[in-house]
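To start, the structure itself, in structure tokens.
The values are calculated or read from the model by the stated rules, or taken from the named source; none is laboratory data. All of these numbers come straight from a predicted model, not from anything done at the bench. Neighbour counts run over all protein chains shown; Cβ positions are idealised from the backbone, glycine included. Accessible surface is based on the protein model in full, side chains and every heavy atom, while ligands, DNA and RNA are left aside. Shrake-Rupley method; radii C 1.70, N 1.55, O 1.52, S 1.80 Å.
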Amino acid sequence: MSRDVIFPLVYLTLLVYRSVVQCEDLTLPQTEQEQERISALLKGDFIIGALFSVHHQPKQKRAGNSLKCGGVREMYGIQRIEVTFQTIDQINNDPSILPNVTLGVEIRDSCWYAPVALQQSIEFIRDAISPSTSAETCSVDQQPKERRSLRPNAVKGRRAPLVGVIGPASSSVAIQVQNLLQLFQIPQIGYSTTSKDLSDKSRFNYFLRVVPSDYYQAQVMVDIVRKYNWTYVSAVNTDENYGQSGIQAFRELAEKLNVCIAKEDSVLSNAEDEVFDRVIRKLDEDQNARVVVCFCEGMTVRGLLAATKRLNLTGRFLFLGSDGWADRSDVTDGFESQARGSISIRIHSPNVTDFDDYYFSLNPYTNSRNPWFHEFWQQRFNCSINGGHYDSSSISEKTGESAGKKPRCTGREKLSDKYKADPKLSFIIKAIYTMAFGLHHMHQDVCGRDAVGLCSDLFPFNGSLFKSYLLNVTFTYGEEEELVEFDRKGDPPGRYYIMNFQQLANGSYDYIRIGDWNNGSLVMQDDELQWPRSGEKVESVCSQPCQPGFYRNFQTGGQEQKCCWACVACAINEFLLDDTTCRPCPTGFLPNANKTACDEIAAEFVQWSDSQAIVSIAVSCLGFLSTAFAGAVFVRYNDTPVVKASTRELSYLILAGMTLSHAATFPILAEPSWLSCSLSRLLPGLSFAMIYASLLTKTNRIARILAGSKKRFPTRKPRFMSAAAQVFITCTLIGVEAGVSVAMLVLEPAAPTRLFPALDRVVLACNTTPLGVLAPLAFDFLLIALCTLYAIKTRNVPENFNEAKFIGFAMYTTCVIWVAFIPIYFGSDSKVITMCMCVTLSATVTLVFLYLPKMYIILLRPERNNRAHFTTSKSIRCHIGSRVASAISSKSSNSYSGAESPRERPVVAFRRPGRPDTLIGSNLSASTAVGGSSRFGPVCNPQQGPAVPWRAHDDTSELVFAGPVPMETQSQRRTLSCQTGAELLQHLLQTYVTKMHTQGQQKNVADISVPQLAELSPRALLDGISTTRLRHSAVPTAHILEESASEQSGDEDSGQVKHITISLGNCECRSDSSSQSPVSWSHDSDCAM
């Protein structure tokens, strides 16, 4: 068993034993202690016991074992006694409550001290368990006179039962009294006991109260602390159950709400000054804790205020007191400056307005029910009442003055002077009415609803049954009709006033109500709050709150770890999850300005207004205009040699590819979407394929032509040399690129995606992977590489064939661009601009190197726009004669059929369809070698031969050779310069016409036509001759007799001289092609011309 139970039982046993001894030995003298244990009694059918602290508690340091109480108390003693008498009178006068049943009361003094309260409680129990007689338990002679008149008398042979006890006021004292009373099943109702321990029905089963538990009061104090952000406070409590349980409840709630207790101590209310000084010094050690939570009784608070004054710490602390302080003036009397600005809690208790008039009407000479009233009157008005036994025995220990030195009390002194009503009077009234209503309901249930007066079924009185009726009591009280009820723990709901001790305008001090707390809801009037130091708001924190974006990094251990911290900034992508935690935002989000939540980052993409985009668009538009201009020029001069020589079909295809390249800039720069992403992956590769596939086809054709011209014995014309074939090859290559691009789009569908290059950036881009970029461009790179290879291979073409060289320059520059593109594109964030510029520059390079020179000739140098500037050979030499021994020798038989000899082959007729060419004699430069022979064989002298028979064809009017060419023994040599094969043929025909004129045949030169040669190489000349139409029925087509080559230098490509012998009937023509020899033509005299 606990000490709280054992001690009352032992004490009860001793007192009962002593009472028996006193009854047996009537002559035993009474001690001073016993003489002071008096009580006030109002007789009735049922007795309610009441324990009030009529006197102050005894001092601890006292000689001997004396428990003499202190001075009488008006508010917590006399006023409570009188309000009890008044309430009992009201209940007895109310016919609706306990009809014809009188309710009595017995009041005893507890002195706010547990031993005294226990002694008085045992007196209650002894009277309850003593045998019932018609007389006093002890004889009248055994009792003092004053006590004899106050003892209860038997009523009809039965002592009035003690149905319950009200009080005492102190929680610690009430706990010990309850341990004693519940042994005898006597219910107890507390009117001022707020300890939360008393809510434990397993320990205090017969306890109820009309005041809320300290748990609610602790909640009020924590709510006030949190409202003003006082997270670092000190705590002091009275060293008994009220203070201990209350501060424990506060500590538990504070820990849940992250309120730390810096310093904590406890002290008894009647402790010496040195103890209070030690407590204040301890509180002053932590300068950050300025608020002191004091779960103390009033006298404990007074001792702390006095110590604050002695230590000169006025204004250092703000005391936050519990209801033990409330609005008591005796707590702050003399220490108003130290208490200024403090906050206290007062339980909601309406003023008892009708008590004031009753109280003010009392007079010591007429008030015989209150045995302590004379003592109070003498102390209150510092006078003496003669004739009463209180004059000498009830001298206040506080004043220490004898009655003989005081004036006589007249009874006309006014209690209204300096009067202040006890705030807990209403709780006493509620407790008494609770007892009365409980008895009323029990009486009706036991005796019957219509029963009047007592019935035998009520006796012996059942305290356990009565307790159950008390728990079910419900009634309204006061003008506010406040509902009084109890929960299963015997506690009422909580409601409090928040009081602030202020200095008023007139310099006086008083408690001002500044807030309310009702069942968990706190309402404060901050503008009416006064601080300990005027104008200085109290802060009680260990560390200042962190700024937005900073979290608390706790640096100390123990309980302080929740209140003392260093502020550390969250990362750029983190937000404050709580005061102690930063959490990263999801990818693509950043914390807001206060870092309380994450906001989505606006996606970045190239805007049309960006400087880089403007530059790209400007370059692209310039490329558009340039390409369009070049295309217009080529269309306008479509039939000129420059345009024809550049393969018109492929040139237009290249122009289309360049246009598409410039157009690709716009989808690349556009906001990423499915359409723009798809076009940005298709257009660059497709446009490059159109450009470089055309160039590859063109360079390949040039290379094949040059390769064919180097053959010793060419037998046939190269294949796929026509324009249609070239276009078909180019479109096939473009189709390959288109297939690759479409396949990549199927494998990796285009779509916009969000990229996160940095924590604070989101880039909206196409979901193009490196494979999606490189796969379509890989084929383009292959085309570029092949074009470059052919450009290198054809770098030594004759200087007049400029296009091959320009293609080479374009390819070299393109390679440089794309070699730089790859690391820049994959190594930087500017992928969009990089792609745009590379695509545009590639198209621009092609335009500059391939089309600008041609447009220069077409527009600025039109005189150079003729076929003479587009030959691949610088010299052509042809020998015409009956025999060229070294040329035709044994291989001539391979070129003729049967018995047909070259000498007997007629001369072919040449015609240029559609346009007759006029032979111009100014190109002739004669040099005569008589009687000699050329290095190609013997030459003939045309002067010695007969006239060559020519005639006009009957159907076509073409000039036709009509006879054999006679052979001459002498030759005449003539040399002329030719730039093209056409000029050579023209000079050849000029010779024929001249010879015809010498024979007397008149024929205009304009009537003779020569074929147009499409190619500019020596081999093409042979092909042109071999395909010329013949109009002589007996003469076969001209053909090659012999082709040979000789080395002029060490360089095979540049030092070769080609000798070609062709048969024109009985005439032979030899062409020598070399980059180093002049073009000449020789005519033998044995040819009929």
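Looking at this structure, is Ser337 out of contact with any Pro (no Cβ under 7 Å at 6 or more places or on another chain) and among the small types (Gly, Ala, Ser)?
Numbers: out of contact with any Pro (no Cβ under 7 Å at 6 or more places or on another chain): yes; among the small types (Gly, Ala, Ser): yes.
The answer is yes for Ser337.
Reported count of residues in segment 184-217, each being touching a Gly at 6+ places or on another chain (Cβ under 6 Å) and farther than 27 Å from Ile125 by Cα, is 3. Identify the single condition in (1) in contact with a Phe, Trp or Tyr (Cβ under 9 Å, 6 or more places away or on another chain); (2) part of a helix (DSSP H, G or I) that Leu320 does not satisfy, given that it satisfies every other one. Every listed condition holds for Leu320 apart from (2). Is it the case, given these coordinates, that Val165 is of a type in the set (A, V, I, L, M, F, W, C), buried (at least 24 other Cβ atoms within 10 Å of the Cβ) and over 60 Å from the mean Cα position of the chain (by Cα)? So Val165 passes the test. For segment 421-453, the candidate set comprises residues that are open to solvent by 50 Å² or more (accessible area, probe 1.4 Å) and modelled with pLDDT of 90 or more; within that set, the residue that is farthest from Ile189 (Cα to Cα) is Asp445. Could you please find all residues in segment 236-255 being within 15 Å of Glu297 (Cβ to Cβ) and either among the polar types (S, T, N, Q) or outside any helix (DSSP H, G or I) (or both)? Within segment 236-255, Val236, Asn237, Thr238, Asp239, Glu240, Asn241, Gln244, Ser245 meet the criteria.
Scanning segment 760-786 for residues that are within 39 Å of the chain's Cα centre (by Cα) and of a type in the set (Asp, Glu) yields one hit, Asp760.
The rows are residues; the columns are (1) of a type in the set (Gly, Ala, Ser); (2) in contact (Cβ under 8 Å) with a residue 60 or more places away in the chain; (3) out of contact with any helix residue (DSSP H, G or I) (no Cβ under 6 Å at 6 or more places or on another chain).
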position: Asn258; (1), (2), (3): no, yes, no
position: Asp265; (1), (2), (3): no, no, no
position: Phe276; (1), (2), (3): no, no, no
position: Ile280; (1), (2), (3): no, no, no
position: Gln287; (1), (2), (3): no, no, yes
position: Thr332; (1), (2), (3): no, yes, no
position: Phe335; (1), (2), (3): no, no, no
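Here Val220 qualifies as crowded, with 24+ Cβ neighbours inside 10 Å, part of a helix (DSSP H, G or I), at pLDDT below 95 and out of contact with any helix residue (DSSP H, G or I) (no Cβ under 9 Å at 6 or more places or on another chain). When segment 455-470 is filtered for residues that are surrounded by fewer than 17 Cβ atoms within 10 Å (Cβ to Cβ) and either touching a Lys or Arg at 6+ places or on another chain (Cβ under 9 Å) or within 21 Å of Ser192 (Cα to Cα) (or both), only Phe459 remains. Against the test of being without any contact (Cβ under 8 Å) to a residue 12 or more places away in the chain and touching a helix residue (DSSP H, G or I) at 6+ places or on another chain (Cβ under 6 Å), the options Ile824, Ile817, Ile734 yield a single qualifying residue, Ile824. When the strands (runs of 3 or more DSSP E) confined to segment 476-530 are screened for residues that are touching an Asp or Glu at 6+ places or on another chain (Cβ under 9 Å) and open to solvent by less than 50 Å² (accessible area, probe 1.4 Å), those reaching at least 2 such residues are found at 495-503, 509-518, 521-524. Residues in segment 43-55: is at least one of a type outside the set (Val, Ile, Thr), at pLDDT 85 or above, surrounded by fewer than 20 Cβ atoms within 10 Å (Cβ to Cβ) and over 29 Å from Tyr242 (Cα atoms)? Yes: one or more hits. You will find that of Val832, Val839, Val845, the residue that is aliphatic (A, V, I, L, M), at pLDDT 75 or above and in contact with a Pro (Cβ under 7 Å, 6 or more places away or on another chain) is Val839 and no other.
Within segment 834-864, if we keep just the residues that are touching a helix residue (DSSP H, G or I) at 6+ places or on another chain (Cβ under 6 Å) and charged (D, E, K, R), the residue that is surrounded by the most Cβ atoms within 10 Å (Cβ to Cβ) turns out to be Lys854.
For segment 333-349, check the following and say yes or no: at least one residue is open to solvent by less than 10 Å² (accessible area, probe 1.4 Å), of a type in the set (Phe, Trp, Tyr) and on the phi < 0 side of the Ramachandran plot. Within segment 333-349, not a single residue is open to solvent by less than 10 Å² (accessible area, probe 1.4 Å), of a type in the set (Phe, Trp, Tyr) and on the phi < 0 side of the Ramachandran plot.
A single member of Leu774, Leu786 is out of contact with any Cys (no Cβ under 7 Å at 6 or more places or on another chain) and within 20 Å of Leu706 (Cα to Cα), and it is Leu786. Just for segment 642-657: of the residues that are of a type in the set (Gly, Ala, Ser) and modelled with pLDDT under 85, which one is least open to solvent (accessible area, probe 1.4 Å)? Filtering segment 642-657 for residues that are of a type in the set (Gly, Ala, Ser) and modelled with pLDDT under 85, the one least open to solvent (accessible area, probe 1.4 Å) comes out as Ser646. Here is the figure for segment 198-215: residues that are surrounded by 24 or more Cβ atoms within 10 Å (Cβ to Cβ) and either touching a His at 6+ places or on another chain (Cβ under 6 Å) or part of a helix (DSSP H, G or I) (or both) total 2.
Scan segment 290-317 residue by residue and report those that are outside any helix (DSSP H, G or I), more than 21 Å from Gly507 (Cβ to Cβ) and either open to solvent by 10 Å² or more (accessible area, probe 1.4 Å) or not β-branched (Val, Ile, Thr) (or both). Spell out the reasoning first.
Here is the first cut: in segment 290-317, the residues outside any helix (DSSP H, G or I) are 290-297, 311-317.
Narrowing further to those that are more than 21 Å from Gly507 (Cβ to Cβ): 290-297, 311-313, 316-317.
Selection gives Arg290, Cys294, Phe295, Cys296, Glu297, Leu311, Asn312, Leu313, Arg316, Phe317.
Taking only segment 757-782 into account, find how many residues are assigned to a helix (DSSP H, G or I) and aliphatic (A, V, I, L, M).
From segment 757-782, those assigned to a helix (DSSP H, G or I) are 770-782; that's our starting set.
Filter once more, keeping what is aliphatic (A, V, I, L, M): 771, 773-775, 777-778, 782.
Total satisfying the criteria: 7.
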